[in-house]
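Student: Pasting a structure below so you can have a look.
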Amino acid sequence: MDPPEENMHTVKQVAERLNVSTKLVYALCSAGKIGYVRYGLGRGTIRISEEAVQQYMEEAKAEFTAPSLQPLRHLTPPSSRQRE
């Protein structure tokens, strides 16, 4: 069953919502990162469901983990090194 039309968004609407370019939304569709339907003949027009947008947003979240830092090693300045 197709989603109702009111739950479908244009590429421009999705781009504005994600704060990205329409070119990126087209690329995400082509790469299969965002699900979409194409209506019409030839190239037609792309519509993206609200569910597809939500799913992409969940999958695109990056989890930040602080890198483990090595303890600092204090260096002796060259002028105070002992000459061999």
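Student: Please go through the stretch 50-76 and give me each residue that is under 19 Å from Met8 (Cα atoms) and surrounded by 10 or more Cβ atoms within 10 Å (Cβ to Cβ), ordered by number. Talk me through it step by step, then tell me what you get.
Tutor: Going through the stretch 50-76, the residues under 19 Å from Met8 (Cα atoms) turn out to be 50-58.
Once the filter is applied, which keeps residues that are under 19 Å from Met8 (Cα atoms) and surrounded by 10 or more Cβ atoms within 10 Å (Cβ to Cβ), the stretch 50-76 yields Glu50, Glu51, Ala52, Val53, Gln54, Gln55, Tyr56, Met57.
Student: Can you find a residue in the stretch 29-49 that is of a type outside the set (Lys, Arg), under 14 Å from Thr10 (Cβ atoms), surrounded by 15 or more Cβ atoms within 10 Å (Cβ to Cβ) and in contact (Cβ under 8 Å) with a residue 40 or more places away in the chain? Write out each step before concluding.
Tutor: We begin by selecting, within the stretch 29-49, every residue of a type outside the set (Lys, Arg); these are 29-32, 34-37, 39-42, 44-46, 48-49.
Subset that is under 14 Å from Thr10 (Cβ atoms): 29, 34, 36-37, 39-40, 44-46, 48-49.
Within this subset, residues satisfying the condition of being surrounded by 15 or more Cβ atoms within 10 Å (Cβ to Cβ) are 29, 34, 36, 46, 48-49.
When the remaining residues are screened for being in contact (Cβ under 8 Å) with a residue 40 or more places away in the chain, the result is 48-49.
Yes, the stretch 29-49 has at least one match.
Every number here is computed from the coordinates shown, using simple stated rules; none is lab data. Quick caveat, the model's predicted, so the values are computed rather than measured. Note that we place each Cβ from the backbone using ideal geometry, even for glycine, and neighbour counts take in every protein chain shown.
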